[in-house]
Structure formats: C-alpha cells, structure tokens
Amino acid sequence: MFTAITHSQIYVLDQDEALDFYVGKLGLEVAADADLGFMRWLTVSIPHQPERQILLERPGPPRLSTETAQQVRDLLTKGAMGGHLIFSTDDCRKTYEALRGKGVEFTEEPTERSYGIDCGLRDPFGNSIRFTQPKA
C-alpha cells in the first residue's frame, strides 16, 4: 500500500507571482521548475523537506480543456476555487509578525484553539493557508 504523500496541488493564475509569494514571502524553496513543453512543472517545499512538494499549477491543458480551464480561472479569481494548505510552526505569533513584516495580508490573527495556536491567510489567488503551533 501507500507509504507517503509526495505531492499536493493548488491552482495559481501566474506561476512567477506564485514563486514570489511562496518563496519570497513564505520562505519555501523551489523543489522543481521544469518546462515539460505542454506545461511548467513548478513545485515548492519546506526548506530541507523536498520529499513533500506543492505543485503550483496553472489551470490548462493537458489536464483541463481550454473551456474548463477558463471556468477554473474564473472561479479562482472569485475566491470560490481556492485550495487549502496547512503548515506547522514552532512559534505562531513570531511567524505571523515576520510574515506581516513582508507584506502578507492575513484573514485571521493568531488565535488560541484547543489544539494550539493558529492563524489564516490567503495567497494572491484565493488559496487558503493556515499555520499552526501545536499545543505542547
């Protein structure tokens, strides 16, 4: 049976803008950036954890027809198609302040929960991101 999850996927409208956000602001690393001819295979990962990658995929062929890709892009720009990512951190409040200092806009400030402290934001394309400091 399965032994690991290696890749997850979210849609982005502009892969260069996604790189600026995920690498430049959130501090992830480029794991792969390859022109496959029919698409750009662009993945990012937590530094020093390349075994778990996020594919930053632009909606389009070959996976989606041109018509379906346009529908996905329309939904994404309305905030109705966003994916979800959840990261963990050792210090939620410190990470929050560091990212705010880089211009990241949050949808929810760090909040105490039964499982720890977490907060929320959206990437430039409407994908929901949370990061959590698990309860000790």
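The values are calculated or read from the model by the stated rules, or taken from the named source; none is laboratory data. Bear in mind the structure is a predicted one, so any value in this text is a computation, not a measurement. Cβ coordinates were reconstructed from backbone atoms using ideal geometry, including for glycine residues, and neighbour counts include every protein chain displayed. For accessibility, only protein heavy atoms count, side chains too; no ligands or nucleic acids. Shrake-Rupley method; radii C 1.70, N 1.55, O 1.52, S 1.80 Å.
Can you find, within segment 46-75, the residue that is nearest to Glu17 (Cα to Cα) among those that are open to solvent by 60 Å² or more (accessible area, probe 1.4 Å) and among the basic types (Lys, Arg)?
Arg58
Among the listed residues Lys78, Lys135, which satisfies the condition of being farther than 14 Å from Phe21 by Cα, over 18 Å from the mean Cα position of the chain (by Cα), basic (Lys, Arg) and open to solvent by 40 Å² or more (accessible area, probe 1.4 Å)?
Residue meeting the stated conditions: Lys135.
In segment 1-21, which residue that is among the β-branched types (Val, Ile, Thr) and within 17 Å of Leu85 (Cα to Cα) is most open to solvent (accessible area, probe 1.4 Å)?
So, considering only residues that are among the β-branched types (Val, Ile, Thr) and within 17 Å of Leu85 (Cα to Cα), the one most open to solvent (accessible area, probe 1.4 Å) is Ile5.
As an exercise: evaluate Gly103 against (1) of a type outside the set (Asp, Glu); (2) on the phi > 0 side of the Ramachandran plot; (3) in contact with a strand residue (DSSP E or B) (Cβ under 9 Å, 6 or more places away or on another chain) and give the number of the one condition it does not meet.
(3)
Which members of segment 22-45 meet the condition of being open to solvent by 20 Å² or more (accessible area, probe 1.4 Å), over 21 Å from Pro59 (Cβ atoms) and not in a helix (DSSP H, G or I)?
Correct list: Leu26, Gly27, Glu29.
Quick one: how many residues across segment 82-121 are out of contact with any Gly (no Cβ under 7 Å at 6 or more places or on another chain) and either among the basic types (Lys, Arg) or assigned to a loop (DSSP other than H, G, I, E, B) (or both)?
Of the residues in segment 82-121, 14 are out of contact with any Gly (no Cβ under 7 Å at 6 or more places or on another chain) and either among the basic types (Lys, Arg) or assigned to a loop (DSSP other than H, G, I, E, B) (or both).
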